[in-house]
1. Among the candidates K270, K236, K228, which residue alone is buried (at least 19 other Cβ atoms within 10 Å of the Cβ), of a type in the set (D, E, K, R) and over 18 Å from the mean Cα position of the chain (by Cα)?
2. Find the residue count for segment 108-163, including only residues that are under 18 Å from T6 (Cβ atoms) and within 16 Å of the chain's Cα centre (by Cα).
3. Kindly indicate whether any position in segment 220-234 is out of contact with any Asp or Glu (no Cβ under 7 Å at 6 or more places or on another chain), free of Cβ contacts under 8 Å to residues at least 60 places away in the same chain and more than 23 Å from G117 (Cα to Cα).
4. Within the bounds of segment 37-46, is there any residue that is surrounded by fewer than 23 Cβ atoms within 10 Å (Cβ to Cβ) and assigned to a strand (DSSP E or B)?
5. So which residues in segment 278-298 are surrounded by 12 or more Cβ atoms within 10 Å (Cβ to Cβ), assigned to a loop (DSSP other than H, G, I, E, B) and either of a type in the set (S, T, N, Q) or touching a Lys or Arg at 6+ places or on another chain (Cβ under 9 Å) (or both)?
6. Considering (1) under 20 Å from T121 (Cβ atoms); (2) in the same structural domain as A143 (by TED's automatic domain parsing), say which one S275 fails and leave the rest.
7. Do you know which residues across segment 54-101 are in a loop (DSSP other than H, G, I, E, B), of a type outside the set (A, V, I, L, M, F, W, C) and within 29 Å of F260 (Cβ to Cβ)?
Amino acid sequence: MRVFVTGATGFVGSEVVKELINNGHQVLGLARSDASANALIAAGAEVHRGDLIDLERLRSGAAATDGVIHTGFIHDFTRYKEMCEVDKIAIETIGAELANSNRPFIVTSGTALVSPGSLATENIIPAVGASVHPRVSEQTADAVAQLGVRAAVVRLSPSVHGEGDYGFVPMLIKLAREKGISAYIGEGLNRWSAVHRLDTAVLYRLALENATPGARFHGVAEEGITLKAIAEMIGKQLNMPIISVPAAEAAEHFGWLGGFAGMDCPASSKITQESLNWKPTHIELLADMEQGDYFGQM
């Protein structure tokens with residue numbers, strides 16, 4: 001299969017490209033810079049110059065391929081609502097190009113808001129709209145599925161970890177270095193699910209190869225790791241105090257990250273593992289933090 005991949009040189013997307021090529025697929029990767037183009041060539045992929053805002057390049061990339069994996073997202077949290085709208089329009093644009101073709105289209109979402117406070121499963125459709133949370137990739141994918149496209153969703157854990165991680169765990173590490181303490185909120189018993197990025201690459205390939213309209217697949221290897229356990233690992237590695245911050249003071253300590261640090265969002269991948277025969281095999285989060293390069297990052 002010839003596959004168009006957005007975010008093809010990103011933290012997750014770059015591994016998806018390798019996984020696809022290593023399993024006999026051809027890849028056309030979206031690249032906005034010379035450095036990204038060179039990385040794709042080195043990986044054995046074809047280059048499609050453009051970005052998520054260039055809708056004509058999204059259309060032509062989708063038109064030239066047998067299926068699409070959309071891992072791209074502009075991670076500018078200072079303009080998060082605007083970036084979510086860019087994501088929505090990109091999905092709609094690709095979906096319109098794929099209409100009535102029955103081609104697979106894998107869209108990226110997250111597990112965090114599926115069922116806050118209880119175990120999120122693949123068959124739960126969150127009652128979350130743009131008025132509550134601006135990222136509506138799942139709802140947009142569902143609309144695309146009505147156009148004769150095998151549009152499905154991969155929901156990623158709040159922590160997708162591994163070498164080169166720039167997500168929430170590195171942000172907590174950076175904050176701890178700035179504050180001189182590693183903190184959690186209240187009792188710190190709120191949970192995040194986690195998955196290694198190499199396992200997510202396999203998941204995206206299997207989702208593409210087995211896509212059915214409206215399907216949800218969970219990128220989850222560990223159902224729930226407490227924020228306290230993450231904070232304790234950070235404190236241990238940085239040799240600094242580990243403290244509890246009262247919920248009323250969380251915003252002051254964590255800033256905009258406080259909302260994420262306080263989320264209780266465990267998730268399961270039981271259905272995904274059974275339906276796709278997907279088995280996470282790589283190192284778990286706390287061991288990765290202890291053995292990996294997390295504390296060499298600045």
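The values are calculated or read from the model by the stated rules, or taken from the named source; none is laboratory data. Quantities reported herein were computed from a predicted structural model and do not represent experimental measurements. Heads up, the Cβs are rebuilt from the backbone with ideal geometry, glycines too, and the neighbour counts pull from every protein chain shown.
1. One residue alone meets the criteria, K228.
2. So the answer is 14.
3. Checked against the condition, which is being out of contact with any Asp or Glu (no Cβ under 7 Å at 6 or more places or on another chain), free of Cβ contacts under 8 Å to residues at least 60 places away in the same chain and more than 23 Å from G117 (Cα to Cα), segment 220-234 yields no hits at all.
4. The answer is yes, given that some residue of segment 37-46 is surrounded by fewer than 23 Cβ atoms within 10 Å (Cβ to Cβ) and assigned to a strand (DSSP E or B).
5. If the condition is that a residue be surrounded by 12 or more Cβ atoms within 10 Å (Cβ to Cβ), assigned to a loop (DSSP other than H, G, I, E, B) and either of a type in the set (S, T, N, Q) or touching a Lys or Arg at 6+ places or on another chain (Cβ under 9 Å) (or both), then H282, Q297 are the ones that fit.
6. Evaluating S275 over (1) under 20 Å from T121 (Cβ atoms); (2) in the same structural domain as A143 (by TED's automatic domain parsing) leaves (2) as the failure.
7. Listed by number, the residues that qualify are T71, G72, H75, D76.
Residues checked against (1) touching a Phe, Trp or Tyr at 6+ places or on another chain (Cβ under 8 Å); (2) not acidic (D, E):
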{"position": "F105", "(1), (2)": "no, yes"}
{"position": "G110", "(1), (2)": "no, yes"}
{"position": "S118", "(1), (2)": "no, yes"}
{"position": "T121", "(1), (2)": "no, yes"}
{"position": "I125", "(1), (2)": "no, yes"}
{"position": "D142", "(1), (2)": "no, no"}
{"position": "L147", "(1), (2)": "no, yes"}
{"position": "A151", "(1), (2)": "yes, yes"}
